[in-house]
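These notes are about the structure you will find just below.
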Amino acid sequence: MQAEIDILENDILEKYPEVLDILLRDHTTQQNIFWATDNYQELGNEFQFHSQIKTTSITGDNGHIIMPRVKKDKDLQQSRVREMAEVFTPSWICNAQNNLIDNAWFKIDNVFNTESTLPDGTQKWEVNRNKINFPEGKTWKHYIRDTRLEMACGEAPYITSRYDTTTGEFIPLENRIGLLDRKLRVINENVDDSGEWLEAAQTAYKNIYAFEWQGDSLLLAREAMLITFIENYSFKFGKEPLLKSIQYIAYIISWNVWQMDGLKGVIPMSCGAKKTETTTLFGDVEVKIEECEGCMKDNINKHNGIYCLIKDWGNKDPETGRKGRKIKFIDLLKK
């Protein structure tokens, strides 16, 4: 198991062909995710705020550009806090809040672990090493199908806790507390056939969603979820999954963890004043500036930006007839 918290893009490129390209995909724009930050602009034209993140931009000699926040320069960390309100949550808080969700779902407390405080004030948790039992009327299959969402996910510490995002401490697989970690744990406990395991894992991934504004953090979240899949399969079967299985999980992640302005439901910076030019009958050019109604009225349904698409994996797409219907994220808010 990889105990290094920084997942290197060069390693992904070398070991898993096409996977990095998949992880960089934005299905709403049919392009790549973009930086959405000025932190890298001094590196050149490919690193400007609106520039797409390309595989060639973050591999080779640039293979160490994207790194977890805890490894970034302290001044850069503080500037991201000031400019983007980027704050990362200690793993013990993520665990406590995830426990609240499971307490409600299982209708009992301390299913996966028990929280504790050491004499020095350090917050920890003690993992329940016994096989997870499920309440009457529910099974592990219901649990992995239960849909969970992390908003403004950053590096996705609530989803997969490979490391503590505040200290950089690597967390062994058996001690992890993320929403996805818990789903994969119950799969490991209940499935021994590799084919069935892969199918169950795909179901688990299809029921974990997250969004993030900044492209670098979004990629880190996607990478962490991908490596978590590989780590769990290796833990269970003593070898890595086939490339096609890794590619499909990457594809699911690229749909379910997307780039979005969470206050507007659109691609970041895609809405605002729009200028249109029309030529009159007499050849004069008239310029019209149309403000974004959604921004002016604080109405999430009235923005003129690009509304983000996600995939509803359980329903058929009317265009293809296959499961996996594309929907606007904001349409979920109307239900």
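Side notes on the structure shown:
- Checking every residue in the range 145-161 against the condition of being modelled with pLDDT under 95, within 30 Å of Lys264 (Cα to Cα), touching a Lys or Arg at 6+ places or on another chain (Cβ under 7 Å) and of a type in the set (Ser, Thr, Tyr) gives zero matches.
- Cβ-Cβ contacts under 8 Å between residues 6 or more apart (or on different chains), taken from a first residue in the range 85-102 that is closer than 10 Å to Tyr158 by Cα and part of a helix (DSSP H, G or I) to a second residue that is among the small types (Gly, Ala, Ser) and at pLDDT 95 or above, are listed as Ser91/Ser161; Cys94/Ser161; Cys94/Gly178; Asn95/Ser161; Asn98/Gly178.
- Of the strands (runs of 3 or more DSSP E) that lie entirely inside the range 226-335, those containing 2 or more residues that are at pLDDT below 90 and more than 30 Å from Asp181 (Cβ to Cβ) span 274-279, 285-290.
- The condition of being under 23 Å from Asp146 (Cβ atoms), in contact with a strand residue (DSSP E or B) (Cβ under 9 Å, 6 or more places away or on another chain) and not small (Gly, Ala, Ser) holds for only one of Ile306, Ile327, that being Ile327.
- Residue within the range 158-165 that is of a type in the set (D, E, K, R), under 20 Å from Asn256 (Cα atoms), in the same structural domain as Asp192 (by TED's automatic domain parsing) and touching a residue at least 12 places away in the same chain (Cβ under 8 Å) present: yes
- The set of residues in the range 165-180 being surrounded by 17 or more Cβ atoms within 10 Å (Cβ to Cβ) and polar (S, T, N, Q) consists of Thr165 alone.
- Subset of the range 216-247 (residues that are surrounded by 18 or more Cβ atoms within 10 Å (Cβ to Cβ), charged (D, E, K, R) and out of contact with any helix residue (DSSP H, G or I) (no Cβ under 6 Å at 6 or more places or on another chain)): Asp216, Glu223
- Of the residues making up the range 262-269, not a single one is under 26 Å from Gln48 (Cβ atoms), touching a strand residue (DSSP E or B) at 6+ places or on another chain (Cβ under 9 Å) and surrounded by fewer than 12 Cβ atoms within 10 Å (Cβ to Cβ).
- Of the residues making up the range 293-316, those that are closer than 27 Å to Asn32 by Cβ and of a type in the set (D, E, K, R) are Lys311, Asp312.
The values are calculated or read from the model by the stated rules, or taken from the named source; none is laboratory data. Quantities reported herein were computed from a predicted structural model and do not represent experimental measurements. Glycine also receives a Cβ, built like all others from the backbone with ideal geometry; neighbour counts cover every protein chain displayed.
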